[in-house]
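The next block holds one structure in the form of structure tokens; read it before the comments.
What follows draws every value from the coordinates through simple rules; no lab data is involved. Fair warning: this is a prediction, and the values are worked out from it, not measured in the lab.
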Amino acid sequence: MKRILTGLAMTLALALAGGAAAIASVADIDSDGDSLITFAEMQAAYPTVSEDLFASADTNGDAMIDEAELTAAEDAGLIKTE
Ligand SMILES: [Ca+2]
Ligand SMILES: [Ca+2]
């Protein structure tokens, strides 16, 4: 019982540390470990994200979404990662 409560407390602490708005991080979506999200990686994790949506989240136009761009897109409500 004590172990279950400790696990619950840790999960809660991690959720709070992540902040309320930024639910997913690049590491959750990035499958090849280069710390950047390609459109293919985004589609694999979130099939509802269209190419247009991906392009609007990619503010510097390098066809990759980095941590800052992902956070901005989540904050703006462009990408729903809940
Ligand atoms: Ca990647
Ligand atoms: Ca980019």
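Stretched out straight at 0.36 nm per residue, the stretch from A55 to D34 would grow longer than its current Cα-Cα span by 5.7 nm.
Using 0.36 nm times the number of residues separating A72 and A44, minus their current alpha carbon distance, what extension gain do you get?
The A72-A44 span can extend by a further 8.1 nm.
Work out the P(r) tail for the range 23-82: percent of alpha carbon pairs separated by more than 16 Å, whole number. Roughly 29 percent, rounded to a whole number.
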